[in-house]
1. Roughly what would the spin-label model give for Leu241 and Glu83, points 7 Å off Cα along C-beta, in nm?
2. Between beta-carbons, use under 13 Å as the cut-off and find the net charge around Ile172, counting Lys and Arg +1, Asp and Glu -1.
3. Let me spell out the model: positive unit charges on the Cβ of Lys and Arg, negative unit charges on the Cβ of Asp and Glu, origin at the Cα centre of the stretch 24-243. What dipole size does that give, in debye rounded to 20?
4. Run the count for the stretch 24-243, please: Lys pairs, Cα-Cα under 27 angstrom, 8 or more apart or on different chains.
5. Explain nothing, just compute: Karplus ³J(HN,Hα) = 6.51 cos²θ - 1.76 cosθ + 1.60, θ = phi - 60°, for every residue of the stretch 87-100 in order, whole Hz, x for Gly and Pro.
6. Just order 125-135, 167-177, 46-56 by mean Cβ neighbour count inside 10 Å, highest at the front, would you?
7. List the residues, sorted by chain then number, that are 5 or more residues from Leu226 or on another chain and whose placed amide H is less than 5 Å from its amide H.
8. Extending each Cα 7 Å along its Cβ direction at Thr48 and Thr164, get the distance between those two points in nm, one decimal.
Amino acid sequence: MCLRPKDPQWNQALDDNVASQGPQGLSLRLGGMRVKSAIYAADRGRFTRSRSRLVSRLSEAGIEDERVLEAMGTVPRHTLIPEVLWGEAYKDQALPIGEGQTISAPGIVARMTQALALTGDERVLEIGTGSGYQAAVLSGLVASVVSVERIPQLAHEARKNLDTLQVTNVTIHEGDGTCGWPSSGPYDRILVTAGGPELPEPVLLQLKVGGALVGPFGPRDAQQLLRVVRQDQKRFSQQTLGACNFVDLIGEHGWAA
Ligand code: SAM
């Protein structure tokens, strides 16, 4: 069962996290620098040109946020997928990562990251860790990321992958992300990386006023990428960013397993 707003622990969980937010900028910058040096060690330049061509294609396709383009050019996507697929890593396509799940295509990762309009200080909730790629991209752009994955094996692999890249500002939890992760909230931004039938209310309620959620919602054959902004305690505004195609968001406030 999700922790709900009327449960006594709800406000306590949110308050504790507001109170415990410290200066996060240092860990952001350290996180980003460490990612770069760890990548250099893991990559030895083998895919540098492929990544820079990917960045050019993303830019031509309308990604304008320089920080997002830099992050996309930095994270070694090939290290987050099975080695037999490394040759495909920098094409704009989703790829299998096991357990019937996929790593999202770089184009949609860049679009969704740009739609979050990040400035660097944010605490972000990601629902659907998968390979850890989106979390790695976010790690260099924000203060901290809390990422929730329902499949334990994927959560475990993603943690290993991010440790290899020395990403220190991403926390991964196993669980049903349709309930959000209230004990670490509220969040400045929320990114949902699996497609749900509708916006999950408990997740929306973990968004700070002024914060934004981006994710795919709607019927399976007609998913739309939505951007939702919390206007005040009760009101949310919604913008449609276009059609998309994601694997199912499965859980109490998503599709049935
Ligand atoms: N962000 C991932 C990446 O960069 O590799 C891609 C995510 S993949 C398209 C969607 C992920 O959402 C899958 O790993 C799936 O298991 C996960 N998922 C689906 N429903 C979920 C839920 N209720 N809570 C947490 N994760 C969920």
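Nothing in this text is a laboratory measurement; each read-out follows from the coordinates by a stated rule. As the structure is a computational prediction, the values presented were derived from the model and not from experiment. So basically every Cβ, Gly included, is an ideal-geometry build from the backbone, and we count neighbours across all protein chains shown.
1. Each label point lies 7 Å from its Cα, and together they span 3.5 nm.
2. -2
3. Numbers: 24 positive and 23 negative charges, 98 e Å.
The dipole of the stretch 24-243 has a size of about 460 debye.
4. 4
5. x, 9, 4, 10, 8, 7, 8, 6, 9, x, 10, x, 6, x
6. Going from most to least packed, we get 125-135, 167-177, 46-56.
7. Gly215, Phe217, Leu241
8. Here the answer is 2.0 nm between the modelled labels.
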